[in-house]
Amino acid sequence: GNQWGYGKDDGPSAWNINYPVADGDRQSPIDILPHQARHDPNLGPIVLNYDRCTSINIANNGHSVVVEFEDSDDRSVIQGGPLDNPYRLKQFHFHWGGKGCHGSEHTVEGNSYASELHLVHWNAVKFKTFGEAASAPDGLAVLGIFLETGDEHRWLHMITDSLYTVKFKGSVTDFKGFNPKCLLPSSLHYWTYLGSLTTPPLHESVIWIVVKEPMIVSEKQLGKFRTLVFTGEEEDERTRMENNFRPPQLLKGRTVRSSN
Ligand SMILES: CCN[C@H]1CN(CCOCC)S(=O)(=O)c2sc(S(N)(=O)=O)cc21
Ligand SMILES: [Zn+2]
């Protein structure tokens with residue numbers, strides 16, 4: 001298939017060869033300029049109903065570490081804010097940098113954070129399958145949370161303690177009973193705009209909801225993400241999984257709205 005990565009030859013600057021939509025009009029991530037964002041009083045709060053969420057497994061897909069959820073009914077949904085329907089939680093994953101350098105995808109006034117968490121949801125009201133939603137203009141809603149280094153995060157250890165079991169590309173481990181609500185910052189004030197997947201196939205199918213307040217994690221916790229490798233156990237070279245982020249893309253006239 002189309003092999004892509006984050007290296008010199010297969011990285012973001014080469015993605016448009018196999019995925020021409022990379023040069024499209026609603027690509028993500030973007031640099032957010034808070035003073036140019038339009039405060040929209042009609043933008044209500046984001047409402048998360050994760051209380052009956054069912055996590056299934058944690059996996060290394062060769063690009064990131066992903067936790068998948070049961071999405072056969074509306075047991076864990078996000079709604080409100082810019083969304084017309086409830087969107088079902090499908091998976092969450094992270095993007096991060098190398099030692100000490102930055103790794104978020106969205107930036108704020110040119111400043112990046114150490115990492116960024118993406119909670120991926122799909123519109124099961126309008127679409128029958130996730131795959132169908134993933135390529136439709138209003139198919140996905142991704143909640144983006146910045147990670148900033150500081151004190152240890154009291155719940156992130158539940159994920160970092162499992163990372164050694166998914167060191168290599170293609171590894172999957174049971175990961176039940178995890179509710180990502182414990183990762184969210186206290187305030188869910190956000191910016192929202194129409195964008196895309198930040199990895200191939202780069203479908204322009206995402207309503208982005210980027211939370212303003214970062215979650216605080218320790219450098220030690222973040223370092224555990226860098227013990228993962230992009231490569232499979234059978235491959236001889238071990239390429240440390242880090243800097244798996246796409247840089248900001250052109251806004252191309254889009255408006256970024258701000259909740260209060
Ligand atoms: C490595 C591939 N990452 C993809 C995989 N999916 C899309 C393709 O699915 C087709 C059935 S996805 O919808 O789960 C998704 S969301 C994001 S992001 N970084 O923009 O939150 C990337 C991706
Ligand atoms: Zn992502």
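Go through the stretch 129-181 and give me each residue that's outside any helix (DSSP H, G or I) and β-branched (Val, Ile, Thr). Result: Thr129, Val142, Ile145, Thr149, Val172, Thr173. Taking first residues from the stretch 1-26 that are among the β-branched types (Val, Ile, Thr) and partners that are open to solvent by less than 40 Å² (accessible area, probe 1.4 Å), the Cβ contacts under 6 Å between residues at least 6 apart in sequence or on separate chains come to Val21/Leu202. The sole residue among Glu116, Glu109 that is farther than 21 Å from Cys53 by Cβ and modelled with pLDDT of 95 or more is Glu109.
Considering the stretch 62-88 alone, what residues qualify as being within 14 Å of ligand 2 (Cβ to nearest atom) and aliphatic (A, V, I, L, M)? Passing the criteria: Val65, Val66, Val67.
Residues checked against (1) under 26 Å from Gly5 (Cα atoms); (2) within 16 Å of ligand 1 (Cβ to nearest atom); (3) within 14 Å of the chain's Cα centre (by Cα); (4) aliphatic (A, V, I, L, M):
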site: Phe168; (1), (2), (3), (4): yes, yes, no, no
site: Lys176; (1), (2), (3), (4): no, no, no, no
site: Cys182; (1), (2), (3), (4): no, no, no, no
site: Ser186; (1), (2), (3), (4): no, no, no, no
site: Leu197; (1), (2), (3), (4): yes, yes, yes, yes
site: Val206; (1), (2), (3), (4): yes, yes, yes, yes
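The sole residue among Arg254, Arg246 that is in a loop (DSSP other than H, G, I, E, B), within 30 Å of Asp25 (Cα to Cα) and open to solvent by 20 Å² or more (accessible area, probe 1.4 Å) is Arg254. Could you tell me whether the stretch 3-22 includes any residue that is within 16 Å of ligand 1 (Cβ to nearest atom), over 30 Å from Arg238 (Cα atoms) and open to solvent by 20 Å² or more (accessible area, probe 1.4 Å)? Yes, because at least one residue in the stretch 3-22 is within 16 Å of ligand 1 (Cβ to nearest atom), over 30 Å from Arg238 (Cα atoms) and open to solvent by 20 Å² or more (accessible area, probe 1.4 Å).
For Ile32, the requirement of being crowded, with 20+ Cβ neighbours inside 10 Å and touching a residue at least 24 places away in the same chain (Cβ under 8 Å) is met.
Among the residues making up the stretch 89-100, those that are within 16 Å of ligand 2 (Cβ to nearest atom) and open to solvent by less than 20 Å² (accessible area, probe 1.4 Å) are Leu89, Phe92, Phe94, His95, Trp96, Gly97. Taken across the stretch 26-49, residues that are within 17 Å of the chain's Cα centre (by Cα) and under 19 Å from Asn179 (Cα atoms) do occur, with at least one present. Ile58 satisfies every condition listed in (1) within 15 Å of Val210 (Cβ to Cβ); (2) buried (at least 19 other Cβ atoms within 10 Å of the Cβ); (3) away from ligand 2 (no atom under 15 Å from the Cβ) except (1).
Lys128 meets all of the listed conditions (1) surrounded by fewer than 15 Cβ atoms within 10 Å (Cβ to Cβ); (2) more than 14 Å from ligand 1 (Cβ to nearest atom) but one, namely (2).
Ser115: of a type in the set (Gly, Ala, Ser), touching a helix residue (DSSP H, G or I) at 6+ places or on another chain (Cβ under 7 Å), open to solvent by less than 10 Å² (accessible area, probe 1.4 Å) and within 16 Å of ligand 1 (Cβ to nearest atom), yes or no?
yes
When Glu152, Glu204 are screened for being open to solvent by 10 Å² or more (accessible area, probe 1.4 Å), touching a helix residue (DSSP H, G or I) at 6+ places or on another chain (Cβ under 8 Å), within 16 Å of ligand 2 (Cβ to nearest atom) and at pLDDT 95 or above, only Glu204 passes.
The values are calculated or read from the model by the stated rules, or taken from the named source; none is laboratory data. As the structure is a computational prediction, the values presented were derived from the model and not from experiment. As a convention, Cβ positions derive from the backbone with ideal geometry for all residues, glycine included, and neighbour counts pool all protein chains shown. Note: accessible area is taken over every heavy atom of the protein model, side chains too, but ligands, DNA and RNA are not part of it. Shrake-Rupley method; radii C 1.70, N 1.55, O 1.52, S 1.80 Å.
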